[in-house]
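Below is one structure; the comments refer to it alone.
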Amino acid sequence: MHDFQYKEGTLHCEAVPLEKIAREVGTPFYCYSQHTLVRHYKVYEEAFKDVKSLVCFAVKSNSNIGVLHELVKAGAGCDIVSGGELFRALKAGCDPRKIVYAGVGKTEEEIEFALKSGVLMFNAESSQELFAIDVVAGRMGKKAGVALRVNPDVDPQTHPYISTGLKKNKFGISIDAAVEEYQLASKMKNLEIIGVHQHIGSQITQVRPFVDAVERLLAFVDKLRAVDIHIKYIDIGGGLGITYKDEAPPLPSELAKEIVPMLKKHDCTIIFEPGRNIVGNAGVLVTRVVYTKMNEGKTFYIVDAGMNDLVRPTLYQAHQAIQPIDQAAMGRTKLEVDVVGPICESGDFLAKDRVVPEFKKGELMAVMSAGAYGFTMASNYNSRRRVAEVLVMGDKYHTVRQRETWDDLIRGEKVAS
Ligand code: LLP
């Protein structure tokens, strides 16, 4: 459930009509509901209340500091994958002791920044990275909290681009080789081995892959214990899917029912790294129809948002629902159309061969479920300014990111002299 509903004939976010925001902020814009965000976060807290747990929101899914701040205020930590995400998490007020840092290619500069900030732990993904963290920590006279990301070789049955827990993926260390890695790491003077990490993929719509992966991970934790390595944190990653169309992913409570009994046997803090599940259905992209046209019997709605603003439909063949802002339009004849952007690429579409109610030039539409991996994957391709982001709280809205200006487009550039 989310807070984008029709009231008095027009689509609202909480108590604010999206049409009003469009009038005042212009289009396109991303709009997020604070109420949905925080409720989704609390669902995790509630589902896992029987184990010590920490929910670290996956910043890559939505990194706006206005959004992060709301989650941080509610108690969330952050899962980060770059120095830039660390910078944002800290700006949003996140307690560094609630930050976990993953990613296969952390640079020395980033490791130093993270150590200086005092993050809870590095989720290390290779032996060379462990070595690098040890060297940098030694140089700084610090001890780095470390978990190793193990790859359980479980098929999450999702899109190949967002599947990460298979042997053939670049992520983590094979679970078979990992005990040895832990033994090596435990001898490194500047590391404190405190956790184990896994993340098997994203938009997972079944419980089974999670249960399998957690079973394997816990068996691995037992193996570590047998060689006298005792950890405090079990980080099981993110990945729980959402409903874009007709998927029926498990609720966090359904996942909890399966895995909490297993997790309870270990006296560890369980870390979760949900992104999409918290913010995906808490956001929409609002865009305006610039033109409509027919080519060879096919109808195109040309809108003012493009693949640079929302790349998921073209990159992953992702389905994101299209809804008119004006509820009355729902009653119009339905037709099959392509909703396309203004970019010079055939891949520039938000929906392809989609049956929608008829739209007219100038009307507004909402691209639903756009809160996760929407703005964060946006680019300036075709020298398009990145759009505004708005956070609604009750009957008020806040522009948490201004639309870029022409000058923003060339910031840092100059002609050679
Ligand atoms: N933790 C780690 C280590 C991750 O790599 C990811 C996502 C997450 C947590 C959060 O996963 P989530 O709960 O959001 O599924 N751009 C793609 C999704 C890429 C996910 C990458 N990693 C999309 O738009 O579908």
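The values are calculated or read from the model by the stated rules, or taken from the named source; none is laboratory data. Note that the structure is a prediction, hence the values are computed from the model and not measured. So basically every Cβ, Gly included, is an ideal-geometry build from the backbone, and we count neighbours across all protein chains shown. Surface accessibility is based on the protein's heavy atoms, side chains included, excluding ligands, DNA and RNA. Shrake-Rupley method; radii C 1.70, N 1.55, O 1.52, S 1.80 Å.
So what is the calculated 222 nm ellipticity per residue for the chain, using -39500 (n - 2.57) for each DSSP H run with n of 4 or more, over all residues, to the nearest 500 deg cm²/dmol?
After summing the helix terms and dividing by residue count, I get -8500 deg cm²/dmol.
Over the chain, what is the relative contact order in percent, taking alpha-carbon pairs closer than 8 angstrom and at least six residues apart?
20
In region 34-277, what percent of the accessible surface is made up of carbon and sulfur (1.4 Å probe, ligands and nucleic acids excluded)?
The nonpolar share, carbon plus sulfur, comes to 51 percent.
Return the subset of K7/K73; K20/K245; K143/K170; K20/K334 for which the Cα-Cα distance in this structure is over 32 Å, preserving the input order.
none
Where q = 0.08, 0.10, 0.11 Å⁻¹, what log10 of I(q)/I(0) comes from the Debye formula for the chain, counting one point per Cα?
-0.47, -0.71, -0.84
Place the peptides 250-260, 74-84, 309-319 in order of packing, highest mean first, counting for every residue the other Cβ atoms within 10 Å and averaging per peptide.
Listed from highest to lowest mean packing, they are 74-84, 309-319, 250-260.
With both partners inside the chain, how many of the DSSP beta bridges are antiparallel, as a percent to the nearest 5?
50
Compute the separation of the alpha-carbon centres of region 253-327 and region 390-404 and state it in Å as a whole number.
The distance from the Cα centre of region 253-327 to that of region 390-404 comes to 19 Å.
Restricting to region 34-277, compute how many DSSP beta bridges are antiparallel as a %, nearest 5.
5
Could you state the accessible area per residue of region 34-277 in Å², with a 1.4 Å probe and every protein chain left in place?
Per-residue accessible area for region 34-277 comes out at 41 Å².
With 10 Å bins from zero, work out the P(r) of region 117-233 over every alpha carbon pair and list the percent per bin.
Bins of 10 Å from zero give 14, 44, 30, 11, 1 percent of pairs.
If I fit a long axis through the Cα atoms of helix 208-226 and take the longest principal axis of the Cα atoms of the chain, what angle between them do I get, 0 to 90°, rounded to 10?
On a 0 to 90 degree scale, this one is about 20.
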